[in-house]
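Asker: After the C-alpha cells below, expect a handful of questions from me.
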Amino acid sequence: MILCLDVGNTTIHAGVYSSAESVPKLVTQFRRTSEFRASSDEIGLFMRSALRENGVPPESIQAIALCSVVPDAVYSIRGACQKYFNQQPFILQAGVKTGLKIRYRNPLEVGADRIANAIGALEMFPGRDLIIVDFGTATTFCAVSRDKDYLGGVIIAGLKISMEALESRTAKLPSVEILPIKECLGRSTVEAFSPVFTLAKWGPYVKFSRASLANVFLELPAATSRSSSPPVDSRAYSKPSTFLITLFQILF
C-alpha cells in the first residue's frame with residue numbers, strides 16, 4: 001500500500017492506493033484540517049487511527065509520498081512518517097526530477113501541488129495540451145503542453161477566501177452556503193450570493209482556457225497539428241488521484 005498525503009492550506013487529504021496492480025487503485029481516503037499546526041505525534045496517531053478505521057492495517061504501508069504547500073507542516077509530517085510508519089517519505093518539490101520541463105523564470109517558485117497536478121494530468125491525457133484548474137484555498141490555472149512543458153499559469157483567490165472577505169468587510173451580509181444556481185437573479189440575500197460565486201468559479205476558467213488556446217498553445221511548434229486536435233475534453237478529478245499517478249510515475 002502507498003500512502004499519499006496532499007497537504008493544503010485548509011486540509012490534509014490522504015489517499016491509500018494499492019501498489020500490487022499496474023493501474024493505481026484507490027483503497028480509501030480521509031482528511032484532517034491543516035489550519036491548526038499539530039505535532040508529529042498527533043499527526044502520526046491520527047493517520048494510524050484513520051487507516052485502521054478504514055480497514056487498512058498501518059503495517060501494510062510500504063511507501064509514503066508527500067506534496068505540501070505548507071512548509072511549516074512538512075517537519076511534523078516527516079517525523080510522523082519516520083516514527084509511526086518507519087518510512088522516510090518522498091517529498092515532491094521543485095528540483096525533483098519528474099520529466100516536466102518548467103518554463104518559469106525561476107523554476108523553484110512553482111508549487112509542489114501544481115507540479116503534481118501537471119504530471120498526473122499528463123499521465124491521464126498523454127499527447128494533449130492541457131489546462132489544469134485546481135479549486136483549492138487558492139484557485140490555480142496551469143497550462144502544460146503535450147511535450148511536457150509547464151508553460152505557466154495564474155493564481156487567484158479561492159471561493160472560500162473571497163466569501164470570507166465579503167462577510168468580514170460587510171455589516172449585514174450573512175455566511176451562506178454556495179448552491180447551484182437555477183437563474184441568474186437572486187430574489188433574496190442568500191440567493192443573491194450564489195450566482196456571483198458560481199460565475200466567479202467558472203468565469204476565470206473559461207477566460208483562461210480561451211486565452212491559452214489563442215495565445216499560448218497555437219504559438220508553439222507544430223501549431224498546425226494542434227489546430228486539428230480532438231475537441232477539448234473537460235473532466236473533473238480529485239487531487240489525490242492526480243497526485244497518486246505522479247507518485248507512480250516517479251517511484252515506479
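The values are calculated or read from the model by the stated rules, or taken from the named source; none is laboratory data. These figures come from a predicted structure and were not determined experimentally. Cβ atoms come from the backbone with ideal geometry, glycine included; neighbour counts cover every protein chain shown. Just the protein is used for accessible areas: all its heavy atoms, side chains included, with ligands, DNA and RNA removed. Shrake-Rupley method; radii C 1.70, N 1.55, O 1.52, S 1.80 Å.
Asker: Mean separation of Cα pairs under 8 Å and 6+ residues apart, divided by the residue count of region 53-163: what relative contact order is that in percent?
Answerer: In percent, rounded to a whole number, it is 19.
Asker: If you wrap region 3-42's Cα atoms in a convex hull and average its projection over all directions, what's the area in nm²?
Answerer: With every direction weighted equally, the projected area is 3.3 nm².
Asker: What order do you get for 50-58, 74-82 when each peptide is scored by the mean count of other beta carbon atoms within 10 Å, highest first?
Answerer: Output ranking for 50-58, 74-82: 74-82, 50-58.
Asker: Here's a follow-up. Let me make sure I get this right: for region 26-143, a, b and c are the square roots of the gyration tensor eigenvalues over alpha carbons, sorted descending. Under 1.5 in a/c it's rounded, otherwise prolate if a/b > b/c, else oblate. Which is it?
Answerer: Prolate, because a/c is 1.5 or more and a/b exceeds b/c.
Asker: Looking at the square roots a ≥ b ≥ c of the eigenvalues of the Cα gyration tensor of region 78-183, which shape do they give, rounded for a/c under 1.5, prolate if a/b is larger than b/c, or oblate? Mind showing how you got there, number by number?
Answerer: Details: a/c = 2.30, a/b = 1.44, b/c = 1.60.
Note, shape of region 78-183 comes out oblate.
Asker: Further question on the same structure: Between residue 72 and residue 25, what is the label-point separation in nm under the 7 Å Cα-to-beta-carbon projection?
Answerer: Placing both labels 7 Å beyond Cα along the Cβ direction yields 4.1 nm.
Asker: Continuing with the same structure: How would 30, 46 line up by accessible area, probe 1.4 Å, largest first?
Answerer: Values: 30 20, 46 65 Å².
Largest to smallest exposure gives the sequence 46, 30.
Asker: Quick one: of 25/160; 25/148; 25/97, which pairs are farther than 29 Å apart, Cα to Cα?
Answerer: Where the Cα-Cα span goes over 29 Å, the pairs concerned are 25/160.
Asker: A follow-up question, please. Treat each spin label as a single point 7 Å out from the Cα along the C-beta direction, and report the residue 175 to residue 148 distance in nm.
Answerer: The two pseudo-label positions are separated by 4.5 nm.
Asker: Next up: Using a basic spin-label model with each label point 7 Å from the Cα along Cα→Cβ, how many nm lie between residue 10 and residue 97?
Answerer: The modelled label-to-label distance comes out at 3.7 nm.
Asker: Once you have the Cα-Cα distance between residue 109 and residue 157, take 0.36 nm times their residue separation minus that, and quote the gain in nm to one decimal.
Answerer: 15.5 nm
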